[in-house]
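The values are calculated or read from the model by the stated rules, or taken from the named source; none is laboratory data. All of these numbers come straight from a predicted model, not from anything done at the bench. Note that we place each Cβ from the backbone using ideal geometry, even for glycine, and neighbour counts take in every protein chain shown. For accessibility, only protein heavy atoms count, side chains too; no ligands or nucleic acids. Shrake-Rupley method; radii C 1.70, N 1.55, O 1.52, S 1.80 Å.
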Amino acid sequence: MPRQRSRKGAPGILEVAKRAGVSPATVSRYFNDPEIVKSPTRKRIKDAAHDLGYIRDRMASAMHNHFSGTIGLVVPTIDNAIFSELIQAFSAKLREYDRTMLIATHNYNLQDEVSIIRSLLERRIDAVAMIGLDHERPPLEMLASRGVPVLAAWNYRADSAISCIGADNVKAGFQVGRYLVENGHEDIALVFPPIDNNDRAYDRFNGVLSALKQSPSTFPSHRKITSLYDIGTAKAAVAKLLSQNRPTALICGNDIIAQGALFACQMLGLRVPHDISVIGIGDFRGSAHMEPGLTTLRLPAKRIGELAAEKLCAKVDFGVESQIERIEIEAELIERGSVRKLK
């Protein structure tokens, strides 16, 4: 028999049922499988629970139904703006499905995903989203053996081994490279993060190279420099590059690096785009408000986060964890003021 109070002073299922004018069993069915309850009854129960301040006992539900109402999200970092919009959208969409997010980071060390996934499984997560498509086998096998749905967000490949939602990063890199070439730039430098353990950066880098190989542009080895996703580090690396033989344009692995590049140009007294052009990837918060505004390739992070949450909730609710879905979200080139057209 259901308890009247889940905690001292807190309303329970019996009080919700009494206020809604239904049986406690109907209230239980509503919270466990709302679609089997008629719409008018669902509304009465929802309103009654809201009015009473009823809080569902997730742990008890998990013990009975093996679902906790929690979705995991594993990201490389929350230390800068790279994934902030995706995280916010993912969390907000989960709330619409009456679910919560449990987030973990591995700081671009994929070997840490084993302990992270083990920890999430111990907390009975219903599903998990992971950034990118390159992962160690053990964490994926741990999820598969327990029937826990998994989805890769942020990156898309037509041959991915798990469900994925994101942009084609090879195409993204090719697009920014071709844009500079079509605007007359032949001496182009690349500022990218380390591409090991980062399939997004790896794919973008190779996409840029593909575009440059199809053009008369030159790309000697000294035109490729490495910077972490950090404005200060990028500023120092780009300043060193530009103090020597300056290219006409910089392609940056993302907008964090591009913002550091713009600060380096300001420090050296170079005018953007008159003396040098800068293009980024991502269209992060603040990129439109730089001076000049940063020309970049917009990755629709909000849409990716929302879709990832929707798809994982559907996999949990309808038991389709074995079905692989691959959804490509198109990136959009945003022209602002940081690229000069030479022709």
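Data table
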| quantity | calculated |
| --- | --- |
| Estimated FRET transfer efficiency (Asp196, Lys38; beta-carbon r; R0 41 Å; 0.05) | 0.15 |
| Highest-fluctuation residue, Leu133, Leu52, Leu121 considered, GNM on the chain with Cα pairs under 10 Å | Leu52 |
| Amide proton proximity set for Asn155, modelled H, under 5 Å, gap of 5+ | Gly132, Ile165, Ala167 |
| In degrees, nearest ten, helix 39-52 long axis to first principal axis of the chain (Cα) | 90 |
| Dipole of the chain, positive end: most advanced residue of Asn80, Gly69, Pro34 [Cβ charges, Cα centre] | Pro34 |
| Angle in degrees between helix 231-242 and the longest Cα principal axis of the chain, rounded to the nearest 10 | 20 |
| Net charge dipole size for the chain [Lys, Arg +1 and Asp, Glu -1 on Cβ; Debye, nearest 20] | 1020 |
| Interchain or long-range residues, amide H under 5 Å from Leu333's placed H | Arg298 |
| In order through the range 21-38: 3J(HN,Hα) via Karplus (6.51 cos²θ - 1.76 cosθ + 1.60), integer Hz, x for Gly, Pro | x, 9, 7, x, 5, 5, 4, 4, 4, 4, 6, 8, 7, x, 5, 8, 9, 4 |
| Probe 1.4 Å - accessible area at Val272, Å² to nearest ten | 20 |
| Top of Asp79, Asp47, Asp317 by mean-square fluctuation, Gaussian network on the chain, Cα under 10 Å | Asp47 |
| Charge dipole (the range 68-141, unit charges on Cβ, about Cα centre) - positive-most of Val128, Tyr97, Pro139 | Tyr97 |
| The chain shape via C-alpha gyration tensor axes, a/c threshold 1.5 | prolate |
| Listed residues Gly184, Ser243, Ala261: farthest to the positive end of the dipole of the chain (Cβ charges) | Ala261 |
| Rounded to whole Hz, the Karplus (6.51, -1.76, 1.60) HN-Hα couplings of the range 262-277, x for glycine and proline | 5, 5, 5, 4, 4, 4, 8, x, 8, 8, 9, x, 4, 8, 7, 9 |
| 27 Å Cα-Cα threshold exceeded, pairs from Lys171/Lys311; Lys224/Lys302; Lys235/Lys311; Lys38/Lys302; Lys213/Lys311 | Lys224/Lys302; Lys235/Lys311; Lys38/Lys302; Lys213/Lys311 |
| Share antiparallel - DSSP beta bridges, the chain, percent rounded to 5 | 10 |
| Arg29 accessible area, assembled protein chains, probe 1.4 Å, Å² | 110 |
| Computed over the chain: relative contact order in percent, which uses C-alpha pairs under 8 Å that are six or more apart | 17 |
| In Hz, Karplus ³J(HN,Hα) per residue of the range 312-319 (6.51, -1.76, 1.60; θ = phi - 60°; x = Gly, Pro) | 5, 4, 5, 5, 5, 5, 10, x |
| For the range 81-129, size of Cβ-based charge dipole, Lys and Arg +1, Asp and Glu -1, in debye | 120 |
| Amide H contacts under 5 Å for Ala249, placed H, 5+ residues apart | Ala189, Ser277 |
| Cα gyration tensor shape of the range 80-122, rounded if a/c is under 1.5, else prolate or oblate by comparing a/b with b/c | oblate |
| Computed magnitude of the charge dipole of the range 261-329 (debye, nearest 20; Cβ of K, R +1, Cβ of D, E -1) | 120 |
| Among Phe205, Phe263, Phe284, residue whose mean-square fluctuation peaks in a GNM of the chain (springs only between Cα atoms under 10 Å) | Phe263 |
| Most to least packed among 254-262, 294-302, 16-24 [average Cβ atoms within 10 Å] | 254-262, 294-302, 16-24 |
